[in-house]
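Here is the structure we will look at.
The numbers here are math on the coordinates, done by the rules we state, and not lab data. Everything numeric here is computed off the predicted structure, so don't read it as measured data. Ideal geometry is used to build each Cβ from the backbone, glycine not excepted, and the neighbour counts take in all protein chains shown.
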Amino acid sequence: MDDVDAVQAQIARNMLASGDYVTARLDGIPYLEKAPLIYWLIAGSFHVFGATDWAARIPMVLAALALAWLTTAFGMWAFGRQAGLYAGLCISTCFGLFLFTRILIPDVMLTASIALSMWAFLRAIDEEEPHQRWWAFVLAASLGTSLLFKSLVGVVFPVAAALVYLGVTGQLLQAKVWKALHPLSGFIVALLIAAPWHVLATLRNPPYFEFTMRSAPGEYHGFLWFYFINEQLLRFLNMRYPRDYDTVPRLYFWGFHLLWLFPWSVYLPAVSKLSFKPLDRAGKARLLALCWTGFILVFFTFSTTQEYYSMPCYPALALLIGSAMAAGGNWIRYGTRVLCGIFIAAAAAVLTLYFLAWNLPTPGDISSALSSNPGAYKLSLGHMEDLTIASFAYLRIPLVLAAIAFLVGAAGTFKARGQRAFLAISLMAILFFQAARIAMAAFDPYLSSRPLAEKLESSPPGKLIVDHHYYTFSSIFFYTNRDALLLNGRFNNLVYGSYAPGAPNVFIDDAQWRSMWLAPARCYLVITDTAVERLKKLVDPGVLMVVAHSGGKLLLTNHPVVE
């Protein structure tokens, strides 16, 4: 897909092609803001399977499986087999994990690494654990790995959660606890894993020591300043430049967790009935999960945030929900009844949409039937507001499958209780995810520029120009594996690296574009159809020749293409 999805994949491909695994680059420009481990994993997948879109997703699949296994194993160790299996069901079939693994972001990998850190911490300080030293090593190694997934938050979250737990349990100043954790040797292990890349990135992207709090356009202070001060500190304080991110309102950020953990979030009230006294392994694990969740949610309450930033607390919440499900009780029964009602209402709503769109035509692709609501796009589900009744005509098969999913869930929770109801809920989620996957395929022309890339590849050679910003049409770069000039695109993510010494000048303005477009050499331009009117003020509309049109985007050329 366009945006960050293809960006991550193309960075990995660029690393594989250049052999430079230290400095990420887009269109030749240093891209210094992200930790590298996700790029390395995708590049490794490309090396084995080839640079394809499905190969880019293999590390995400493995990370999601690892997270499900870790949550299950942690739960079994802490609460017993049944609760562990329920916790695994919760994490693997919750809506949030499905939604936020559709794009290539490292959060599921970070979440798995943090879950391992938390489990290793609890086992390292457990006096009954026969392999405490080993688990202390696992803790240190996972912290070093988390640094390479998402920088400082990968260490801050688990360390802070552990410190809060030790403080609450009165163990913070106990020498035997710190002896079991081996902090000095652990620090060395984490440093050996994470430090080499940070050192190399600093040396290859000078200057080395800049500590200004000023973040402004046109200034370049090297990797170390940008990665730590600008991306970590100034972003937390909402003072970062470029201001290329939005933040979710705090009420939405907290409330959306009911959706991200759905369908299992209906059982959250039952968690209040559990014991959090650290008298046994189960009580200690529940208390740690509470500290773990609480710190992350409070942290992002005072910082800029996106909905998926809190994914590292999903395993903790899944452990608590799984423990409550195994314990049973009235709240679990009430939750199942609520789910049954939700499923019935959802099935009715989906079937209503299906019949409303029954006889509507489906010309072209789904983009022609969508509305536009840019103000909502700061939310992960903001594009849902673009849906119209006409757009559901393109989604008939997903609607039918979604209705079946909700009816299965309703039937399975109507009278069944306990394990049978939980299995029916899981089956509902699996069927619904398949419906969502098929629906995403219908959105492909809108979410991706692949049809334009395929047409470009079969067209005569010419210089590629992309309007606006790299992210807008990032899949063009991935599917063609070409560099391009960016028309009026020197802003947001690429602006800082564009001022690095030796960065290629890939940015052009309207005057330069007009000169190139009217020259004898063939050029191609990728642009949204709503932006074409601007070009008509610069050149005669007759030289804006359409090569392909898909998803509200155009591929134009300045000379006729002979088929």
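A few notes on this one:
- Separation between Cα centres of segment 205-221 and segment 76-142, rounded to whole Å: 37
- Considering all different alpha carbon pairs of segment 477-519, the Kirkwood hydrodynamic radius works out to 11.7 Å.
- Compared with the dominant Cα axis of the chain, that is its longest principal axis, helix 37-49 is turned about 70°.
- Ranked by how many other Cβ atoms sit within 10 Å of their own Cβ, fewest first, the residues Met325, Met311 fall in the order Met311, Met325.
- For Ala63, net neighbour charge (Lys/Arg +1, Asp/Glu -1) across residues whose Cβ lies under 11 Å away: 0
- Pairs of Cα atoms nearer than 8 Å and 6+ residues apart set the relative contact order; for segment 450-557 it is 29 percent.
- Taking other C-beta atoms within 10 Å as the exposure proxy, Arg204, Arg57 rank Arg204, Arg57 from fewest upward.
- Farthest positive-ward along the chain dipole, Cα basis, beta-carbon charges - from Phe226, Gly382, Pro312: Pro312
- Entry for segment 57-327 at q = 0.15 Å⁻¹: log10 I(q)/I(0) = -1.16, Debye formula applied to identical alpha-carbon scatterers, no solvent contribution.
- Whole-Hz Karplus values for segment 437-452 come out as 5, 5, 5, 5, 5, 5, 7, 3, x, 7, 8, 10, 9, 4, x, 5 Hz, taken residue by residue from phi with 6.51 cos²θ - 1.76 cosθ + 1.60 and θ = phi - 60°; glycine and proline positions read x.
- Per-residue HN-Hα couplings for segment 519-533 [Karplus 6.51, -1.76, 1.60; θ = phi - 60°; Hz; x = Gly/Pro]: 7, x, 6, 6, 10, 10, 10, 9, 7, 6, 5, 6, 8, 5, 4
- Share antiparallel - DSSP beta bridges, the chain, percent rounded to 5: 55
- The C-alpha atoms of the chain define a longest principal axis, and helix 81-93 lies at about 20 degrees to it.
- For segment 57-327, size of Cβ-based charge dipole, Lys and Arg +1, Asp and Glu -1, in debye: 260
- Ordering of 77-89, 42-54 by packing [mean C-beta count within 10 Å, highest first]: 77-89, 42-54
- Centre-to-centre, using Cα atoms only, segment 380-445 and segment 289-361 are separated by 14 Å.
- Amide hydrogen proximity for His182: with H placed 1.01 Å from N in the peptide plane, no residue at 5 or more positions away or on another chain lies under 5 Å.
- Counting only alpha carbon atoms, the long axis of helix 107-124 and the longest principal axis of the chain meet at about 20°.
- In units of the compact-protein estimate 2.2 N^0.38 Å, the chain shows a Cα radius of gyration of 1.05.
- Counting only Cβ charges, +1 for Lys and Arg and -1 for Asp and Glu, the dipole size of segment 202-291 around its Cα centre is about 500 debye.
- Whole-angstrom gap from segment 468-490 to segment 244-271, using each part's C-alpha centre: 34
- Placing unit charges on the Cβ atoms of the charged side chains and taking the dipole of segment 118-195 about its Cα centre, the candidate lying farthest along the positive direction among Thr169, Ala180, Ile193 is Ile193.
- Close amide H pairs (under 5 Å, H built 1.01 Å from N) link Thr388 with Ser371, residues at least 5 positions away or on another chain.
- Relative packing of 24-31, 171-178, which averages over residues the other C-beta atoms within 10 Å, highest first: 24-31, 171-178
- Pair-distance distribution of segment 90-145: all C-alpha pairs, bin width 10 Å, starting at 0; shares per bin in whole percent are 24, 38, 26, 12, 0.
- Given charges at beta-carbon only (K, R positive; D, E negative), |dipole| of the chain in Debye: 1540
- Divide the volume of the convex hull around the Cα atoms of segment 420-466 by the residue count and you get 79 Å³ per residue.
- Peptides 426-438, 132-144 ordered by average Cβ neighbours within 10 Å, highest first: 132-144, 426-438
- Positive-end residue, the chain charge dipole about Cα centroid, Cβ charges, pick of Ala403, Tyr267, Ala435: Tyr267
- If you wrap the Cα atoms of segment 349-444 in a convex hull and average its projected area over all directions, you get 6.9 nm².
- Per residue, the chain reaches -17000 deg cm²/dmol at 222 nm when only DSSP H runs of four or more residues are counted, each adding -39500 (n - 2.57).
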